1. Is it the case that the stretch 247-263 has a residue that's at pLDDT 90 or above, assigned by TED's automatic domain parsing to the domain that holds Glu166 and in contact with a His (Cβ under 9 Å, 6 or more places away or on another chain)?
2. State yes or no: is Val247 in contact with a strand residue (DSSP E or B) (Cβ under 6 Å, 6 or more places away or on another chain) and free of Cβ contacts under 8 Å to residues at least 60 places away in the same chain?
3. Starting from the stretch 334-346, keep only residues that are part of a loop (DSSP other than H, G, I, E, B), then list their pairs with residues that are not polar (S, T, N, Q) whose Cβ atoms are within a distance under 8 Å, requiring at least 6 positions of separation or different chains.
4. If a residue must be in a helix (DSSP H, G or I) and either touching a residue at least 24 places away in the same chain (Cβ under 8 Å) or β-branched (Val, Ile, Thr) (or both), how many such residues does the stretch 322-331 contain?
5. Within the stretch 179-199, take every residue that is outside any strand (DSSP E or B) and either of a type in the set (A, V, I, L, M) or not assigned by TED's automatic domain parsing to the domain that holds Ser268 (or both) and give me the one that is farthest from Asn215 (Cα to Cα).
6. Just to confirm my filter: which helices (runs of 4 or more DSSP H) fall fully inside the stretch 1-80 and include at least 1 residues that are touching an Asp or Glu at 6+ places or on another chain (Cβ under 6 Å)?
7. Exactly one of these conditions fails for Val38: (1) within 22 Å of Leu25 (Cβ to Cβ); (2) at pLDDT below 90; (3) among the β-branched types (Val, Ile, Thr). Give me its number.
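The values are calculated or read from the model by the stated rules, or taken from the named source; none is laboratory data. Treat the numbers as computed from the prediction; the structure is a model and nothing was measured. Using ideal geometry, Cβ is built from the backbone for each residue, glycine included, and neighbour counts are taken over all protein chains shown.
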Amino acid sequence: MKKIVVLSKEGELKSSFNELENHYLCEVITFNFDQSSVFENLLRDDQALLLISISDWSSFDEFYTKYKMDINGTIVLVGNTESFREEKISTLCTLDRFIKGTINIDQPSYLQRPWFNLLVNPQIESIDTTDLDEVGQSIEKVMSAAINELQRVKEIHEKLVPIREESFKGMSATSKFAAGESAGGEFFDIISSDTEMLLLLARSRSYLVSSIVMNQFDELRSNSTFSDEKIDQFIKSLNLEVENSKVKEDKRKLDILFVRVDLKKMISRVWKSGNCELLIDGKKMEESEFSIERGQKLFVLSSGLLENAPGKVSLLSTVKENVSKSRREILDEVFYNLKKEKSSMFLSHDATMIIFEVNKNAIIQI
């Protein structure tokens, strides 16, 4: 229930706002300026509405100077027409950002209603059975949305496979995932044909954004080929849908990586936003297009993995020191280092690492 605190010099506003309790879900509390020390908890209540009389300027000024920095609630000045003509009031309202409004008690009370509609809460008489039915329907919609969101989270979870082995024409891949405590998370998926392989690795800060990415990727999956134009359009459409979603702005950040490999020529094309890293046999790859030779390994380290302890430098060093080992052995080394540093059951952030390796006997077109 909203608290409306009415302060004045000698109780001149004591009865002026009591009727508000008949129209709003509120409690009206009145006291004099000289009683403020007793009611300091009300002044500090950030949900309270404070109606402060300016009919006696010196009394108001003394009170306001003393307690201004202790007041957390919404301040509205109350006075008559004459008191609002004072130059001091003009200066105060112009310069003081803590003053949120004024009420002239010489004006009819119905002119005050819009203020209280805004500052207190809806009128009791407006709450009828029709309104309650609408509230019930709204709750059902919220619950339905929540159930759908849980289903999307389940679908995301099903894609977060800890160990994954895959083979393509002339190339193999091994990947590992570890869950983190941060919201959103990482996931990846791979589409392949006889001629090309397409990797999508995404990291979001919201489960809703993750579900948007997966839905878009499912549509992309229906294509038989993945041209530059199709991937560019996917990224553009995805960013637009995230931007227009109801996700809070600070949760919209999305790290996304596409790697398309021509399996005939072993030429890779990269689209990247975020801080993931790509290496070939330990060498960092900055180019958007590069070749992979027979026997070489392409390492993909997610941004989430690199943000976990022991940190990016140490994790990249581990990869470089173990390049000659098998894909599974390299993954075990990296995730062992992550496991040593974690302070709870989960890592701080989701971690994904994928290692592609071109078969030593692969037939590569020149």
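1. There is no residue in the stretch 247-263 that is at pLDDT 90 or above, assigned by TED's automatic domain parsing to the domain that holds Glu166 and in contact with a His (Cβ under 9 Å, 6 or more places away or on another chain).
2. So Val247 does not fit the description; no.
3. If the second residue must be not polar (S, T, N, Q), the pairs left are Lys342/Ala309; Ser344/Glu181; Phe346/Ala178; Phe346/Ala179; Phe346/Gly180; Phe346/Glu181.
4. Number satisfying all stated conditions: 4.
5. Ranking the qualifying residues of the stretch 179-199, first place goes to Ala179.
6. Numbers: elements: 20-23, 40-43, 57-67.
Helices (runs of 4 or more DSSP H) meeting the threshold: 40-43.
7. (1)
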